[in-house]
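Worksheet for the structure shown next.
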Amino acid sequence: MPRWHEGRLWYSDFFDHGVFSVSPEGDRRTEVEFEGEPAGLGWLPDGRLLINSRLDRAVIRREPTGPWCVTAS
């Protein structure tokens, strides 16, 4: 499901293996390239991105420094 965040519409696409965003003007941006199949997304109150990894059956957290952490399975 698409989500508004920081003035952009964000969505996950498991066919393109990534998380993307679109500005109100239509500018599409790749936010995260993802090896698995992202199936949903959200954010923690501190701004860290959460991605539902469909194949892993887990929620993956993106840290500000870049590494991924499995937060639930």
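Our coupling estimate for segment 11-21, obtained by passing each phi through the Karplus curve with A = 6.51, B = -1.76, C = 1.60 and θ = phi - 60°, is 8, 9, 9, 6, 6, 8, 6, x, 10, 10, 9 Hz, Gly and Pro reported as x.
Can you tell me the order of 26-36, 43-53 when each peptide is scored by its average per-residue count of other Cβ atoms within 10 angstrom, highest first?
43-53, 26-36
Relative contact order for the chain: 19 percent, from Cα pairs under 8 Å spaced at least 6 residues apart, divided by residue count. Solvent-accessible area of the chain (1.4 angstrom probe, protein heavy atoms only): carbon and sulfur portion equals 51 percent. Per residue, the solvent-accessible area of the chain (1.4 Å probe, heavy atoms of protein chains only, all protein chains present) comes to 66 Å². Amide H contacts under 5 Å for G40: N52, restricted to partners 5 or more places along the chain or on a different chain, H placed in the peptide plane at 1.01 Å from N.
For P(r) over Cα pairs in 5 Å bins from 0, in percent, the listed values are (1) 4, 17, 28, 27, 17, 5, 1, 0; (2) 3, 12, 15, 16, 24, 19, 8, 1, 0; (3) 3, 14, 18, 18, 13, 8, 8, 6, 6, 4, 2, 0; which was obtained by calculation from the structure presented? So the calculated entry is the one marked (1).
The values are calculated or read from the model by the stated rules, or taken from the named source; none is laboratory data. Computed from a prediction, not measured in an experiment: that's the story for all the values here. FYI the Cβ positions are ideal-geometry reconstructions off the backbone, even for glycines, and counts take in every protein chain you see. For accessibility, only protein heavy atoms count, side chains too; no ligands or nucleic acids. Shrake-Rupley method; radii C 1.70, N 1.55, O 1.52, S 1.80 Å.
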